[in-house]
Amino acid sequence: MVIGCPGAGKSSFARRLREITGLPLHYLDMIWHRPDRTTISREEFDRRLEQILQTDRWIIDGNYQRTMARRLEECDTVFLLDIPVEICLEGAKERIGRQREDLPWVENELDEEFRQWIEEFPARDLPQIRSLLEQYAGRRRIVVFRSRQEMEQYLGRLAREQKK
């Protein structure tokens with residue numbers, strides 16, 4: 001599982017992880033959202049997520065806290081990108097106007113609601129995520145990154161290990 005604040009680099013990290021490991025990558029945003037910016041039903045989302053969870057190997061990118069505990073039951077490793085808000089805001093701005101494989105439309109602006117979600121993430125969402133992860137400490141490998149440099153170093157080590 002790859003989780004963290006929007007703009008932290010979850011999707012970029014997940015793509016690199018896929019390249020190194022060969023694991024199938026699933027973006028929760030691509031499951032939940034349609035290209036016309038509507039969403040599927042919760043039941044359909046849960047059904048599709050369950051299909052992924054029943055396979056042996058996967059990377060899942062996205063928070064979707066409602067389903068986080070279920071995903072924690074099935075994963076072996078969690079990557080929490082605990083990146084400073086300023087970096088997350090920069091990351092969100094950098095992807096404006098770019099076609100991405102993790103979202104079914106191109107973002108044209110950093111709207112105020114999304115900006116606010118990023119700014120409030122550390123106080124609103126992160127404590128709940130940390131509390132949930134504490135319940136799985138010792139049962140799951142939990143890797144926390146506090147900078148993009150730490151993410152790069154980890155991926156570099158992993159790539160070197162895979163080549164051996």
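With contacts defined as alpha carbon pairs under 8 Å and 6 or more residues apart, what's the relative contact order of the chain in percent?
Averaging sequence separation for qualifying contacts and normalising by length gives 33 percent for the chain.
If you find the alpha carbon centre of the stretch 119-161 and of the stretch 5-64, how far apart are they in angstrom?
The two parts, judged by their Cα centres, are 17 Å apart.
Which whole-number percent is the relative contact order of the stretch 10-86 (Cα, under 8 Å, 6+ apart)?
After rounding, I find 36 percent.
If you add up the charges near GLU73, with Lys and Arg at +1 and Asp and Glu at -1, over every other residue whose beta carbon is less than 10 angstrom from its beta carbon, what do you get?
Result for the neighbourhood of GLU73: +3.
Using each residue's phi in the stretch 96-111, evaluate 6.51 cos²θ - 1.76 cosθ + 1.60 at θ = phi - 60° and report the 3J(HN,Hα) Karplus result to the nearest Hz, with x for Gly and Pro.
Taking θ as phi minus 60°, the curve returns 4, x, 9, 6, 10, 7, 9, 8, x, 8, 9, 6, 9, 7, 9, 5 Hz for the stretch 96-111.
Rounded to a whole number, what is D in µm²/s for the stretch 1-157 from Stokes-Einstein with the Kirkwood radius over alpha-carbon pairs (4 °C, 1.567 mPa s)?
Stokes-Einstein gives a translational diffusion coefficient of 80 µm²/s.
Sort 129-142, 5-18 for me by packing, meaning the mean count of neighbouring Cβ atoms within 10 Å per residue, highest on top.
Final packing ranking: 5-18, 129-142.
Rule-based calculations on the coordinates, nothing more; no lab input. Computed from a predicted structure; not experimentally measured. With ideal geometry, Cβ positions are generated from the backbone for all residues, glycine too; neighbour counts draw on all protein chains shown.
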